[in-house]
1. Report the convex hull volume per residue for the range 1-145, counting only C-alpha atoms, in Å³.
2. With an 8 Å Cα cut-off and a minimum separation of 6 or more residues, compute the relative contact order for the range 220-278 in percent.
3. What translational diffusion coefficient, to the nearest whole µm²/s, does the range 157-262 have by Stokes-Einstein, given a Kirkwood radius computed over alpha-carbon pairs, a temperature of 20 °C and 1.002 mPa s viscosity?
4. Note the angle between two axes, namely the Cα long axis of helix 188-197 and the longest principal axis of the Cα atoms of the chain, as a number of degrees from 0 to 90, rounded to the nearest 10.
5. Just to confirm the number: angle between the C-alpha axis of helix 114-134 and the first principal axis of the chain, 0 to 90 degrees, nearest 10?
6. When only Cα pairs under 8 Å and 6 or more residues apart are kept, what is the percent relative contact order across the chain?
7. Once Lys and Arg get +1 and Asp and Glu get -1 on their Cβ, which of 206, 122, 170 lies farthest toward the positive end of the dipole of the range 120-278?
8. Cα-Cα pairs above 34 Å in the chain: how many percent?
Amino acid sequence: MSTDLARLSVNQMTVRQLSLPELADACTTLGIGHVGLWREPVRAYGLAATAELVRDAGLTVTTLCRGGFLTATDPAERAAALADNHAAVDEAAALGTDTLVLVSGGLPAGSKDLRGARERVADALAVLAPYAAERGVRLAIEPLHPMYAADRCVVSTLAQALDLAERFPAHQVGVAVDTYHVWWDDQAPAQIARAGAAGRIHTFQLADWTTPLPEGVLVGRGQLGDGSIDLRAWKGHVEAAGYTGPIEVELFNEGLWAQDGREVLARTARRFVEHVVR
């Protein structure tokens, strides 16, 4: 494996047009040793079959995405969400990853109470964190850009994520640092230092910010080097905070998905070296 690619992890959604066997083969060909997986395609391929596939390919699963969506007020909906998150923890353990990424969930219909929604996330973490720890899985709270606060994630900053995480031991709950979601926040470098000092940076993810954003905004994550984010500087922030783990590239981009997946993967590896490593 090239030393330039030693820390690169390719999130499955970056090249979702590739099947799991195709992804494993392409990573092996390029000398990429890490992947981040998503629950839906893993379930479609089969949990045990996926675990065997990545193991046989010599790949390390850096994260499983995603758990979360824990803000419901209806008791039945909350029970269903907890059950789904327990299942996500079990899936992460079966895949051999120690990190389950959590997206908190948005406001329930008709609600305007952001603080209350965050407290319900904390209540759920109190149930999930010990369960995950028993299975060797850490929960990584991912703050999402504020444009997602209403419908997807009431945790918008690393400070908010850490305020939740710090109610629990660091080996149980930490944060996901994703450049796409935090690059705009001038307090984020200090919060990265705060997270690092406590051993709470559980994953570091990359995507660039390109405009105009597409309709729906979920698929606006830009290829490395195409946008406004100084990716190398953010790598410096997490490394200064003590993070030395894999660096996961997670791109949601319909333009990339329409291209040949192997070519996208090779280009992503080149961009990683150009804009992150060197």
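The values are calculated or read from the model by the stated rules, or taken from the named source; none is laboratory data. All values reported here derive from a predicted model rather than from experimental measurement. As a convention, Cβ positions derive from the backbone with ideal geometry for all residues, glycine included, and neighbour counts pool all protein chains shown. To get the accessible areas, we keep the full protein, side chains included, count just its heavy atoms, and leave off ligands, DNA and RNA. Shrake-Rupley method; radii C 1.70, N 1.55, O 1.52, S 1.80 Å.
1. Output value, Cα hull per residue: 124 Å³.
2. So the answer I get is 60 percent.
3. Roughly 148 µm²/s, to the nearest whole number.
4. Compared with the principal axis, the helix lies near 80 degrees.
5. Helix 114-134 sits at roughly 70 degrees to that axis.
6. 20 percent
7. 170
8. Counting every Cα pair in the chain, those more than 34 Å apart make up 13 percent.
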